[in-house]
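Report on the following structure.
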């Protein structure tokens, strides 16, 4: 056997192994118990596949042979630079900033897929119409994913504050996409050897990539910040698809399988998220949610009744059951640790405490679970909407911290409300509701919350961390008095 | 012997179809509590694109191809390393109140009511 076939054999076996380990790893991630080992399994697959990729040196094109040493050096350098910067950023990033970080990594994947396609196109290496079409499709999706993810990052990071909308933008976007596709079509025509040219081929390729990148920006700009998680999920699926398509062009089944698994998984995840928000994916992409709503809320009876944090804390100490509804405000105040400390006091006093998590609590589905896990809350105290919603009726206290729209009863009752129909946590049905809030502002969706005006609801104003500290001290004070 | 891989027409479609179905089924059973780690986990998996980047970089014969190939590998490596780092960090945080107990076998943090005493 020649070195070439030995290298091909090893690459073939490791890539096959990697594809298996990816799927097995994702499968293990479907349970909190096995999930940490799941990512490890997938990581082993990745490491082996990347190491094996150096064996391509035995199988390079003749034209590349003189450059081989330089190319290997560049490869090692690129791996180290890209890998270590991203690794460092991933270790350092705050848990609350996780969605933006995922958006960045996802954009990088899309960019890599686009770059691979660019090399194929510039080198005119893709033979046949099928290959060309697939290359261009992967390039288009990958590029959209890159620029779109960057916009998503900017929105979540607060660099871009408002959704940018122009009248008729949807039509313009559609026209722009059609234009981009037309450029792609012309490119296929030219690359197959047609001589009539408007532009030299390389310039045409630049135009194509430019259009694709701009389309990603145009598509993402009008979407409101609240919908970004779904958008990131869509781009995650899109990058998977792009990787899968470029895998076909490179005749690499590992890329094809991994890409398509992620494409399908990401699509399903997107649909699940959209379902949790009771909206269709098309509605998220093409309607102006989160903008100034024309809807006037129906007259809300009652008034806001502020109360002291200490009183609320002591009331909960003597309650039988408490359900905590945390929201992004809790994480923004970095008060998860304090919350768990308070909950531990209640548990020690014999109060039954549960956490109720709305599917879209936080900035990304499941983000609240992660933030609570970070604070050390065991996940068997954490309940999802469907599992706990019936329990509010029989619960003494609902403690709403930093959540707003996900407990707004308008979603059940008010037809005109932008969140009408969204499943909500029925915190208003508890005997007593405490809402910990920084001020009298509105939620992310900008809607007045009738819950706050209910007869059974009291507002505890203040920073979540400070309020919880007061509550902890109040309950501890009781214990000290009892002991004295 | 020849171990080079050729994937033509319908074979590719079969691979895509089966892989897509597999992804759909695998994710179908993931509880909402794991959605964020899962999104970042699947994000990590498409980091395999770095292998494709290595292939085009090693086969580069012009400065332009080297530059774009370098770009592809660097971005792909970032996708891998970053995706792994954040996913691992998130997943390492999940624990039960019993720490080593395995009562959430099906991945759903269902009522075990152990703490309701």
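Below are the figures for this structure:
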| item | result |
| --- | --- |
| Residue under evaluation residue A:85, criteria (1) surrounded by fewer than 22 Cβ atoms within 10 Å (Cβ to Cβ); (2) farther than 27 Å from residue B:70 by Cβ; (3) modelled with pLDDT of 90 or more, criterion not met | (2) |
| Filtered residues of segment A:147-159 (kept if out of contact with any helix residue (DSSP H, G or I) (no Cβ under 7 Å at 6 or more places or on another chain) and in a helix (DSSP H, G or I)) | A:154 |
| Test: residue in segment A:429-439 that is surrounded by fewer than 23 Cβ atoms within 10 Å (Cβ to Cβ), modelled with pLDDT of 85 or more and outside any strand (DSSP E or B) | yes |
| Residues being touching a residue at least 60 places away in the same chain (Cβ under 8 Å) and more than 10 Å from chain B (Cβ to nearest Cβ) - total across segment A:223-237 | 7 |
| Top-ranked residue in segment A:1-36 [being without any contact (Cβ under 8 Å) to a residue 12 or more places away in the chain and either assigned to a helix (DSSP H, G or I) or in contact with a strand residue (DSSP E or B) (Cβ under 8 Å, 6 or more places away or on another chain) (or both); ranked as farthest from residue A:265 (Cα to Cα)] | A:5 |
| Only listed residue being more than 18 Å from residue B:68 (Cα to Cα) and either more than 10 Å from chain B (Cβ to nearest Cβ) or surrounded by fewer than 17 Cβ atoms within 10 Å (Cβ to Cβ) (or both), chosen from A:150, A:136 | A:150 |
| Residues satisfying the stated conditions in segment A:359-382, i.e. more than 7 Å from chain B (Cβ to nearest Cβ) and on the phi < 0 side of the Ramachandran plot | A:360, A:361, A:363, A:368, A:371, A:372, A:375, A:377 |
| Matching residues, segment B:26-55, being more than 15 Å from the chain's Cα centre (by Cα) and at pLDDT 85 or above | B:52, B:53, B:54, B:55 |
| Residue A:144 more than 14 Å from chain B (Cβ to nearest Cβ), under 27 Å from the mean Cα position of the chain (by Cα) and either part of a loop (DSSP other than H, G, I, E, B) or surrounded by 15 or more Cβ atoms within 10 Å (Cβ to Cβ) (or both) | yes |
| Test: residue in segment A:408-424 that is in contact (Cβ under 8 Å) with a residue 24 or more places away in the chain, touching a strand residue (DSSP E or B) at 6+ places or on another chain (Cβ under 8 Å) and not in a strand (DSSP E or B) | no |
| Pair list, Cβ < 9 Å and 6+ apart or interchain, from segment A:58-84 residues that are more than 7 Å from chain B (Cβ to nearest Cβ) to residues that are surrounded by fewer than 16 Cβ atoms within 10 Å (Cβ to Cβ) and not in a helix (DSSP H, G or I) | A:58/A:2; A:59/B:4 |
| Answer residue from segment A:94-129, given it is assigned to a loop (DSSP other than H, G, I, E, B), without any contact (Cβ under 8 Å) to a residue 24 or more places away in the chain and more than 7 Å from chain B (Cβ to nearest Cβ) and is nearest to residue B:80 (Cα to Cα) among those | A:94 |
| Answer from B:28, B:23, B:52, B:41 - the residue that is surrounded by fewer than 19 Cβ atoms within 10 Å (Cβ to Cβ) and facing another protein chain (nearest Cβ under 7 Å) | B:28 |
| Verdict on residue B:91 being at the interface with another protein chain (Cβ under 7 Å from one of its Cβ atoms), modelled with pLDDT of 80 or more and under 26 Å from residue A:54 (Cα atoms) | no |
| Test: residue A:36 is surrounded by fewer than 22 Cβ atoms within 10 Å (Cβ to Cβ), within 30 Å of residue A:371 (Cα to Cα) and facing chain B (nearest Cβ under 7 Å) | yes |
| From A:50, A:57, A:44, A:93, residue being surrounded by fewer than 20 Cβ atoms within 10 Å (Cβ to Cβ), more than 21 Å from residue B:38 (Cα to Cα) and either at pLDDT 90 or above or out of contact with any strand residue (DSSP E or B) (no Cβ under 9 Å at 6 or more places or on another chain) (or both) | A:57 |
| Residue match in segment A:374-385 (condition: assigned to a loop (DSSP other than H, G, I, E, B) and touching a strand residue (DSSP E or B) at 6+ places or on another chain (Cβ under 9 Å)) | yes |
| Every residue from segment A:386-406 that is within 28 Å of residue A:224 (Cα to Cα) and either out of contact with any strand residue (DSSP E or B) (no Cβ under 9 Å at 6 or more places or on another chain) or within 9 Å of chain B (Cβ to nearest Cβ) (or both) | A:386, A:405 |
| Test: residue in segment A:222-231 that is buried (at least 24 other Cβ atoms within 10 Å of the Cβ), at pLDDT 90 or above and either closer than 16 Å to residue A:148 by Cα or more than 17 Å from the chain's Cα centre (by Cα) (or both) | no |
| Residues of segment B:1-20 satisfying the condition of being within 7 Å of chain A (Cβ to nearest Cβ) and outside any helix (DSSP H, G or I) | B:1, B:2, B:3, B:4, B:5, B:6, B:7 |
| Members of segment A:279-307 that are at pLDDT below 70 and more than 22 Å from residue A:103 (Cα to Cα) | A:291, A:292, A:293, A:294, A:295, A:296, A:297, A:298, A:299, A:300, A:301 |
| Criterion violated by residue B:20 - all others in (1) touching a helix residue (DSSP H, G or I) at 6+ places or on another chain (Cβ under 6 Å); (2) under 23 Å from residue A:76 (Cβ atoms) satisfied | (2) |
| Hits in segment A:395-407 (condition: surrounded by 21 or more Cβ atoms within 10 Å (Cβ to Cβ) and either outside any helix (DSSP H, G or I) or at pLDDT 85 or above (or both)) | A:395, A:397, A:398, A:399, A:400, A:401, A:402, A:403, A:404, A:407 |
| One residue from B:55, B:10 being out of contact with any helix residue (DSSP H, G or I) (no Cβ under 9 Å at 6 or more places or on another chain) and without any contact (Cβ under 8 Å) to a residue 40 or more places away in the chain | B:10 |
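The values are calculated or read from the model by the stated rules, or taken from the named source; none is laboratory data. Not measured: the values here are computed from a predicted model. Please note: Cβ atoms are built from the backbone with ideal geometry, for glycine as well, and neighbour counts cover all protein chains shown.
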